[in-house]
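The values are calculated or read from the model by the stated rules, or taken from the named source; none is laboratory data. Here the structure is a predicted model, which is why all the values come from computation and not from measurement. All Cβ positions, glycine included, derive from the backbone under ideal geometry; neighbour counts span all protein chains shown.
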Amino acid sequence: MAKERILVTVKTYPTLSRKYGETVCTAGVHEDGSWVRLYPVPFRRLNETEQYQKFDWLECELIKNPGDPRPESYRPTDPKQLIAVDHMDTKGNWRERRRLLLQTAKVFTCLQPLIDGAKANFLSLAVFKPTRILDFIWEEEEREWDPSKVAQLRNRSRQGVLFEEDAWQQLFRLILKLPYSFSYRFVDAEGKESEMQILDWEAGQLYWNCMKRYGDNEAVALAKVKEKYFTYFLKKDLHFFLGTTQQFHAWAATPWVVIGVFPIPHEHQTALF
């Protein structure tokens with residue numbers, strides 16, 4: 001089986017799966033701009049030397065995920081193959097990232113083709129350029145993971161059935177569940193207003209970093225997340241990486257969510273270094 005070369009553009013905040021435990025959805029593009037979703041990936045159980053970053057190039061063997069009918073969904077034959085072999089930097093005002101993600105890959109500006117494509121099971125990952133960002137909002141969520149999922153995860157780990165190696169079990173602790181969900185409100189090129197949840201890992205990690213820095217002050221932490229994702233990113237040529245959720249993929253009115261953000265500098269800006 002030949003290895004495929006994939007540029008990582010998305011890592012979602014970890015979630016709990018009854019079947020796979022704590023997992024991360026990773027998405028990226030091939031060199032021809034086509035998308036691929038990697039799931040499940042036990043990212044935090046990988047050794048530090050094996051943990052890839054956004055805009056790393058991976059070379060790995062993939063098989064179609066039989067439990068996920070979405071066209072771009074695959075799973076690594078061996079998660080330990082997911083080791084970075086190169087990294088795409090930001091030289092030349094993000095020249096290479098701009099070329100691959102905004103020129104080689106297709107960029108959508110209207111939501112309706114994406115909605116139609118999902119319902120026809122034609123696509124479930126895409127680059128999207130909003131015409132105007134209206135707001136960045138948050139809603140309070142359950143503060144703890146589903147107890148039944150946690151109990152099942154612990155039971156399966158004791159039985160050694162989650163993964164063949166169990167060394168990670170000695171030190172591993174579940175990631176904290178985000179007590180808030182974040183969303184963008186925006187307008188597309190046809191004037192359609194939408195609200196989409198943001199599943200980007202970096203948004204969640206920013207919240208926790210701000211909580212730590214500002215003495216567990218939730219109001220300040222939330223304001224700081226909005227400052228970056230709304231005030232700061234709106235100064236950039238902001239694009240979204242969109243994905244559909246498997247549960248709502250083919251039938252929901254709007255099955256798409258923001259799985260990553262791409263706040264690229266405007267083309268007229270020149271890099272300082």
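From the set of residues in region 245-259 that are in contact with a Leu (Cβ under 8 Å, 6 or more places away or on another chain) and at pLDDT 85 or above, which is surrounded by the most Cβ atoms within 10 Å (Cβ to Cβ)? Applying the filter and picking the extreme gives Ile259. A single member of Ser181, Ser194 is farther than 19 Å from Glu144 by Cα, out of contact with any Pro (no Cβ under 8 Å at 6 or more places or on another chain), surrounded by 13 or more Cβ atoms within 10 Å (Cβ to Cβ) and not aromatic (Phe, Trp, Tyr), and it is Ser194. Can you run down the residue pairs with Cβ atoms below 9 Å, 6 or more apart or on separate chains, where the first is in region 87-110 and closer than 22 Å to Asp188 by Cβ and the partner is at pLDDT below 95 and among the acidic types (Asp, Glu)? Between residues of region 87-110 that are closer than 22 Å to Asp188 by Cβ and residues that are at pLDDT below 95 and among the acidic types (Asp, Glu), the close pairs are Arg98/Glu267.
Matching residues to (1) closer than 20 Å to Glu202 by Cβ; (2) part of a strand (DSSP E or B):
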position: Gly33; (1), (2): no, no
position: Val36; (1), (2): no, yes
position: Tyr52; (1), (2): yes, no
position: Ile63; (1), (2): no, yes
position: Pro66; (1), (2): no, no
position: Asp86; (1), (2): no, yes
position: Arg97; (1), (2): yes, no
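Comparison of Asp116, Asp89, Asp68 shows that the only residue that is surrounded by fewer than 15 Cβ atoms within 10 Å (Cβ to Cβ) and closer than 28 Å to Thr254 by Cβ is Asp116. Under 6 Å between Cβ atoms, which residue pairs at least 6 apart in sequence (or on different chains) link something in region 221-250 that is closer than 23 Å to Asn209 by Cα with a partner that is hydrophobic (A, V, I, L, M, F, W, C) and surrounded by fewer than 17 Cβ atoms within 10 Å (Cβ to Cβ)? Filtered contacts from region 221-250: Leu234/Ile133. Go through region 6-16 and give me each residue that's farther than 17 Å from Val257 by Cβ and modelled with pLDDT of 80 or more. Ile6, Leu7, Val8, listed by residue number. Out of curiosity, is Arg143 touching a Pro at 6+ places or on another chain (Cβ under 8 Å), part of a strand (DSSP E or B), closer than 29 Å to Leu16 by Cβ and at pLDDT below 95? In short, no. What about Lys19, is it touching an Asp or Glu at 6+ places or on another chain (Cβ under 7 Å), at pLDDT below 90 and not in a strand (DSSP E or B)? Against the criterion (touching an Asp or Glu at 6+ places or on another chain (Cβ under 7 Å), at pLDDT below 90 and not in a strand (DSSP E or B)), Lys19 does not qualify.
Here is a yes/no grid of residues against (1) modelled with pLDDT under 80; (2) part of a strand (DSSP E or B); (3) farther than 28 Å from Leu178 by Cα:
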site	(1), (2), (3)
Cys25	no, yes, no
Thr49	yes, no, no
Trp57	no, yes, yes
Pro71	no, no, yes
Leu100	no, no, yes
